[in-house]
Amino acid sequence: DAKTTQPNSMESNEEEPVHLPCNHSTISGTDYIHWYRQLPSQGPEYVIHGLTSNVNNRMASLAIAEDRKSSTLILHRATLRDAAVYYCILRNFGSGSARQLTFGSGTQLTVLP
Amino acid sequence: GAVVSQHPSWVICKSGTSVKIECRSLDFQATTMFWYRQFPKQSLMLMATSNEGSKATYEQGVEKDKFLINHASLTLSTLTVTSAHPEDSSFYICSARGTSASNIQYFGAGTRLSVL
(Lines give C-alpha, C1' and ligand atoms only; values in the text may rest on other atoms or scores of the structure.)
Protein backbone atom coordinates (compact mmCIF):
# COMPACT_ATOMS: atom_id res chain seq x y z
CA ASP A 1 0.00 0.00 0.00
CA ALA A 2 1.20 3.54 -0.75
CA LYS A 3 2.67 5.58 2.10
CA THR A 4 1.04 8.51 3.87
CA THR A 5 2.61 11.41 5.75
CA GLN A 6 0.92 13.16 8.66
CA PRO A 7 2.07 15.69 11.25
CA ASN A 8 2.99 14.05 14.54
CA SER A 9 0.73 16.26 16.60
CA MET A 10 -1.81 19.07 16.40
CA GLU A 11 -3.72 21.16 18.88
CA SER A 12 -7.18 22.61 18.66
CA ASN A 13 -9.48 24.60 20.87
CA GLU A 14 -12.75 23.10 21.92
CA GLU A 15 -15.73 23.91 19.66
CA GLU A 16 -13.48 25.11 16.85
CA PRO A 17 -12.98 23.29 13.53
CA VAL A 18 -9.94 21.08 13.07
CA HIS A 19 -8.24 20.32 9.78
CA LEU A 20 -6.00 17.27 9.88
CA PRO A 21 -3.79 16.99 6.78
CA CYS A 22 -2.45 13.90 5.07
CA ASN A 23 -0.06 13.67 2.14
CA HIS A 24 -0.09 10.63 -0.12
CA SER A 25 1.86 11.63 -3.21
CA THR A 26 2.27 8.03 -4.45
CA ILE A 27 -1.42 7.19 -4.32
CA SER A 28 -2.70 4.99 -7.13
CA GLY A 29 -5.98 5.31 -8.95
CA THR A 30 -7.51 2.40 -7.06
CA ASP A 31 -6.47 3.49 -3.55
CA TYR A 32 -9.22 4.50 -1.17
CA ILE A 33 -8.32 7.08 1.48
CA HIS A 34 -9.39 5.85 4.91
CA TRP A 35 -9.31 7.69 8.22
CA TYR A 36 -9.41 5.95 11.57
CA ARG A 37 -8.93 7.30 15.04
CA GLN A 38 -7.80 5.70 18.26
CA LEU A 39 -8.89 7.06 21.60
CA PRO A 40 -6.66 6.31 24.61
CA SER A 41 -6.69 2.63 25.61
CA GLN A 42 -9.19 1.70 22.89
CA GLY A 43 -9.11 -0.03 19.55
CA PRO A 44 -9.18 2.12 16.40
CA GLU A 45 -12.49 3.48 15.22
CA TYR A 46 -13.51 4.05 11.59
CA VAL A 47 -14.10 7.71 10.81
CA ILE A 48 -14.55 8.17 7.09
CA HIS A 49 -13.23 7.13 3.70
CA GLY A 50 -13.34 8.32 0.11
CA LEU A 51 -11.95 7.76 -3.35
CA THR A 52 -12.16 10.98 -5.37
CA SER A 53 -15.04 13.14 -4.22
CA ASN A 54 -15.36 14.93 -0.90
CA VAL A 55 -17.34 12.96 1.66
CA ASN A 56 -19.42 13.91 4.67
CA ASN A 57 -20.78 11.82 7.49
CA ARG A 58 -21.98 12.42 11.03
CA MET A 59 -18.46 12.32 12.41
CA ALA A 60 -16.44 14.34 9.94
CA SER A 61 -15.82 15.53 6.41
CA LEU A 62 -13.10 14.38 4.07
CA ALA A 63 -11.73 16.83 1.53
CA ILE A 64 -9.68 15.21 -1.24
CA ALA A 65 -7.38 17.26 -3.44
CA GLU A 66 -8.10 17.24 -7.13
CA ASP A 67 -4.86 15.36 -7.88
CA ARG A 68 -5.58 13.03 -4.92
CA LYS A 69 -2.07 13.51 -3.58
CA SER A 70 -3.37 14.93 -0.33
CA SER A 71 -6.49 14.94 1.78
CA THR A 72 -7.81 16.69 4.86
CA LEU A 73 -9.99 15.32 7.60
CA ILE A 74 -12.26 18.03 8.96
CA LEU A 75 -13.85 17.90 12.38
CA HIS A 76 -16.37 20.73 12.31
CA ARG A 77 -16.53 21.37 16.03
CA ALA A 78 -13.87 19.70 18.14
CA THR A 79 -14.88 18.35 21.52
CA LEU A 80 -12.72 17.00 24.29
CA ARG A 81 -13.84 13.51 23.26
CA ASP A 82 -12.21 14.00 19.87
CA ALA A 83 -8.74 13.91 21.44
CA ALA A 84 -7.17 10.87 19.82
CA VAL A 85 -4.57 9.65 17.37
CA TYR A 86 -5.88 10.05 13.83
CA TYR A 87 -4.58 7.69 11.15
CA CYS A 88 -4.74 8.34 7.42
CA ILE A 89 -4.43 5.03 5.56
CA LEU A 90 -4.57 4.11 1.89
CA ARG A 91 -6.38 0.93 1.01
CA ASN A 92 -6.24 -0.48 -2.50
CA PHE A 93 -9.63 -1.33 -3.97
CA GLY A 94 -8.07 -4.15 -5.91
CA SER A 95 -6.54 -5.79 -2.86
CA GLY A 96 -7.47 -9.31 -2.02
CA SER A 97 -9.95 -9.78 0.76
CA ALA A 98 -7.19 -10.66 3.19
CA ARG A 99 -5.27 -7.38 2.86
CA GLN A 100 -4.99 -5.65 6.19
CA LEU A 101 -4.83 -1.98 7.12
CA THR A 102 -1.27 -0.81 7.70
CA PHE A 103 -0.99 1.87 10.37
CA GLY A 104 1.57 4.65 10.34
CA SER A 105 2.31 6.87 13.31
CA GLY A 106 -0.74 9.11 12.86
CA THR A 107 -1.47 12.57 14.27
CA GLN A 108 -2.02 13.02 17.98
CA LEU A 109 -4.82 15.58 18.30
CA THR A 110 -5.02 17.50 21.55
CA VAL A 111 -8.21 19.46 22.21
CA LEU A 112 -7.86 22.34 24.63
CA PRO A 113 -10.83 23.38 26.77
CA GLY B 1 -21.60 0.28 12.02
CA ALA B 2 -20.56 -3.30 12.55
CA VAL B 3 -19.53 -4.40 16.02
CA VAL B 4 -16.49 -6.41 17.02
CA SER B 5 -16.41 -7.65 20.58
CA GLN B 6 -13.12 -8.54 22.25
CA HIS B 7 -12.75 -10.29 25.58
CA PRO B 8 -11.24 -9.94 28.11
CA SER B 9 -10.44 -6.24 28.11
CA TRP B 10 -7.71 -6.66 30.68
CA VAL B 11 -5.78 -9.66 31.99
CA ILE B 12 -2.89 -10.19 34.39
CA CYS B 13 -1.10 -13.50 34.41
CA LYS B 14 2.00 -15.13 35.81
CA SER B 15 5.01 -15.78 33.64
CA GLY B 16 4.79 -19.19 31.96
CA THR B 17 1.01 -19.37 31.81
CA SER B 18 -1.17 -19.14 28.71
CA VAL B 19 -3.82 -16.55 27.99
CA LYS B 20 -6.66 -16.77 25.48
CA ILE B 21 -8.25 -13.68 23.91
CA GLU B 22 -11.56 -13.93 22.04
CA CYS B 23 -12.71 -11.79 19.17
CA ARG B 24 -16.29 -11.94 17.90
CA SER B 25 -18.04 -10.19 15.05
CA LEU B 26 -21.49 -9.58 16.52
CA ASP B 27 -23.63 -8.60 13.57
CA PHE B 28 -21.76 -9.77 10.50
CA GLN B 29 -19.77 -12.71 9.28
CA ALA B 30 -16.03 -12.27 9.03
CA THR B 31 -14.12 -14.70 6.87
CA THR B 32 -10.97 -12.79 7.72
CA MET B 33 -9.91 -11.31 11.02
CA PHE B 34 -6.68 -9.57 11.94
CA TRP B 35 -4.66 -9.50 15.14
CA TYR B 36 -2.58 -6.45 16.01
CA ARG B 37 -0.24 -5.66 18.87
CA GLN B 38 0.51 -2.20 20.18
CA PHE B 39 3.27 -1.24 22.59
CA PRO B 40 3.05 2.02 24.57
CA LYS B 41 3.49 5.17 22.48
CA GLN B 42 3.71 3.11 19.30
CA SER B 43 1.40 2.39 16.40
CA LEU B 44 -0.44 -0.86 15.73
CA MET B 45 1.62 -3.67 14.30
CA LEU B 46 -0.04 -6.53 12.47
CA MET B 47 0.73 -9.92 13.98
CA ALA B 48 -1.32 -12.26 11.86
CA THR B 49 -4.25 -12.66 9.54
CA SER B 50 -6.81 -15.19 10.65
CA ASN B 51 -8.78 -17.05 8.01
CA GLU B 52 -11.91 -19.02 8.83
CA GLY B 53 -11.34 -22.70 8.42
CA SER B 54 -7.66 -22.48 7.56
CA LYS B 55 -4.32 -21.69 9.11
CA ALA B 56 -3.44 -18.15 10.07
CA THR B 57 -0.86 -16.17 8.14
CA TYR B 58 1.78 -14.69 10.43
CA GLU B 59 3.84 -11.58 9.82
CA GLN B 60 7.59 -11.86 9.76
CA GLY B 61 9.07 -12.07 13.24
CA VAL B 62 5.87 -13.31 14.93
CA GLU B 63 6.24 -16.80 16.41
CA LYS B 64 3.31 -18.92 15.32
CA ASP B 65 3.90 -21.47 18.07
CA LYS B 66 3.76 -18.77 20.69
CA PHE B 67 0.76 -16.88 19.37
CA LEU B 68 -1.80 -19.53 18.47
CA ILE B 69 -4.69 -18.34 16.36
CA ASN B 70 -7.90 -20.26 15.79
CA HIS B 71 -10.72 -19.09 13.53
CA ALA B 72 -13.23 -21.89 13.88
CA SER B 73 -16.32 -20.00 12.78
CA LEU B 74 -17.31 -16.97 10.74
CA THR B 75 -17.86 -14.94 13.90
CA LEU B 76 -15.10 -16.05 16.26
CA SER B 77 -11.33 -15.90 16.25
CA THR B 78 -9.11 -16.57 19.26
CA LEU B 79 -5.53 -15.63 20.03
CA THR B 80 -3.70 -17.69 22.65
CA VAL B 81 -0.46 -16.34 24.04
CA THR B 82 1.36 -19.47 25.18
CA SER B 83 3.96 -19.51 27.95
CA ALA B 84 3.65 -15.78 28.36
CA HIS B 85 6.65 -13.74 29.49
CA PRO B 86 6.88 -10.13 30.65
CA GLU B 87 8.01 -9.01 27.19
CA ASP B 88 4.64 -10.21 25.84
CA SER B 89 2.90 -7.57 27.91
CA SER B 90 1.15 -5.36 25.39
CA PHE B 91 -2.19 -4.16 24.03
CA TYR B 92 -3.67 -6.76 21.68
CA ILE B 93 -6.37 -5.67 19.23
CA CYS B 94 -8.45 -7.74 16.86
CA SER B 95 -10.17 -6.53 13.75
CA ALA B 96 -12.59 -7.85 11.18
CA ARG B 97 -13.28 -6.59 7.72
CA GLY B 98 -16.81 -5.67 6.76
CA THR B 99 -18.48 -7.18 3.76
CA SER B 100 -18.91 -4.03 1.69
CA ALA B 101 -16.64 -3.20 -1.18
CA SER B 102 -15.23 -0.25 0.75
CA ASN B 103 -13.21 -2.67 2.89
CA ILE B 104 -13.88 -0.89 6.16
CA GLN B 105 -12.25 -2.67 9.09
CA TYR B 106 -13.91 -2.78 12.46
CA PHE B 107 -11.87 -3.12 15.61
CA GLY B 108 -12.36 -4.61 19.02
CA ALA B 109 -11.74 -2.52 22.11
CA GLY B 110 -8.45 -4.29 22.75
CA THR B 111 -7.02 -6.50 25.50
CA ARG B 112 -4.39 -5.18 27.88
CA LEU B 113 -2.11 -8.09 28.82
CA SER B 114 0.24 -7.75 31.78
CA VAL B 115 2.59 -10.66 32.46
CA LEU B 116 4.19 -10.67 35.88
Once both labels are modelled 7 Å past Cα along the beta-carbon direction, what's the B:Lys66-A:Gln42 spacing in nm?
-> 3.1
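How large is the translational diffusion coefficient of chain B in µm² per second when you combine the Kirkwood radius over alpha carbon pairs with Stokes-Einstein at 10 °C and 1.306 mPa s?
Answer from the Stokes-Einstein relation: 113 µm²/s.
For segment B:1-43, what is the accessible area per residue in Å², given a 1.4 Å probe and the full set of protein chains?
Working: 2500 Å² over 43 residues.
Solvent-accessible surface per residue comes out at 58 Å².
Note down the Stokes-Einstein diffusion coefficient of chain A in µm²/s, whole number, using a Kirkwood radius over alpha carbon pairs, 25 °C, and 0.890 mPa s.
Details: Rh = 14.2 Å.
Result for D is 173 µm²/s.
If one takes the accessible area of chain A alone plus chain B alone and subtracts that of the pair, with a 1.4 Å probe, what total in Å², rounded to the nearest 100, results? Don't jump to the answer; show the numbers that get you there.
Details: alone 6480 and 6470 Å², together 11320 Å².
Chain pair A/B: roughly 1600 Å² of buried accessible area.
Give the longest segment of chain B that steers clear of trypsin sites (Lys or Arg not before Pro) in DSSP loops with at most 10 neighbouring Cβ atoms within 10 Å, not counting the sites themselves.
B:42-116
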In chain B, carbon and sulfur make up what percent of the accessible area (probe 1.4 Å)?
-> 52
Taking a straight Cα-to-Cα line shorter than 17 Å from B:Lys41, and setting aside same-chain aspartates and glutamates fewer than 8 residues away, one finds B:Glu87, B:Asp88
Output ³J(HN,Hα) for segment B:104-114: one whole-Hz value per residue in order, computed from phi by the Karplus curve 6.51 cos²θ - 1.76 cosθ + 1.60 with θ = phi - 60°, and x for Gly and Pro.
-> 5, 9, 10, 10, x, 7, x, 10, 8, 9, 10
Probe 1.4 Å, protein heavy atoms only - accessible area per residue of chain A in square angstrom | 50
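With the convex hull built on the Cα atoms of segment A:5-47, state its orientation-averaged projected area in nm². Let's see the in-between values first.
On the way: hull surface 17.4 nm².
Averaging across all directions leaves 4.4 nm² for the Cα convex hull.
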Just report the Cα centroid separation between segment A:48-113 and segment B:1-72, whole Å.
-> 24
Quick numbers on segment B:32-99, Rg and Dmax over C-alpha atoms in Å, give 11.8, 37
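Contact order normalised by length for chain A, with contacts defined as Cα pairs under 8 Å and 6 or more residues apart; what percent is it?
37 percent.
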Distance histogram in 5 Å bins (all Cα pairs of the protein assembly as shown, percent per bin) = 1, 7, 14, 18, 18, 16, 12, 8, 4, 1, 0
The relative contact order of chain B, taking Cα pairs under 8 Å that sit 6 or more residues apart, comes to a percentage of 36
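The values are calculated or read from the model by the stated rules, or taken from the named source; none is laboratory data. As the structure is a computational prediction, the values presented were derived from the model and not from experiment. Every residue, glycine among them, receives a Cβ derived from its backbone with ideal geometry; neighbour counts consider all protein chains shown. To get the accessible areas, we keep the full protein, side chains included, count just its heavy atoms, and leave off ligands, DNA and RNA. Shrake-Rupley method; radii C 1.70, N 1.55, O 1.52, S 1.80 Å.
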